[in-house]
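The values are calculated or read from the model by the stated rules, or taken from the named source; none is laboratory data. All values reported here derive from a predicted model rather than from experimental measurement. Cβ placement follows ideal geometry from the backbone for every residue including glycine, while neighbour counts extend to all protein chains displayed. Accessible surface areas use protein heavy atoms only, side chains included; no ligands, DNA or RNA. Shrake-Rupley method; radii C 1.70, N 1.55, O 1.52, S 1.80 Å.
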Amino acid sequence: MPNIKPVSDLRNYNEVLRDVSVDSPVFLTKNGRGRYVIVDMAEYEKQAATLKLMSELAKAEKSAREKGLLSEEEADRVIQSL
């Protein structure tokens, strides 16, 4: 169940921060609407790494569509030339 609190609860931020953990962010609302999210640093780093990986995979997929794939022999030659 999501942990949702009004942004005004930040007046006592220690209590809000106690509720933040990996896989359990705290969602803050302002005027009754979702506005901010507080996440654990480990979770943030995990999400950032996942986004970077997904971006690199998308680039590779685009390259494969546009330029084609290498055969096993071609890939071996490229690796040996490095």
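Any residue in the stretch 1-14 that is of a type outside the set (Asp, Glu) sitting within a Cβ distance under 8 Å of a residue that is open to solvent by 90 Å² or more (accessible area, probe 1.4 Å) and assigned to a loop (DSSP other than H, G, I, E, B)? List the pairs, counting only those 6 or more apart or interchain.
Listed by first residue and then by second, the contacts come to nothing, as the list is empty.
Given the criterion in a helix (DSSP H, G or I), surrounded by 10 or more Cβ atoms within 10 Å (Cβ to Cβ) and touching a residue at least 12 places away in the same chain (Cβ under 8 Å), identify the matching residue among LEU57, LEU53, LEU17, LEU28.
Just a single option satisfies the conditions, and that option is LEU17.
Quickly run through the stretch 14-34 and pick out the residues that are touching a strand residue (DSSP E or B) at 6+ places or on another chain (Cβ under 9 Å) and hydroxyl-bearing (Ser, Thr, Tyr).
SER24, THR29
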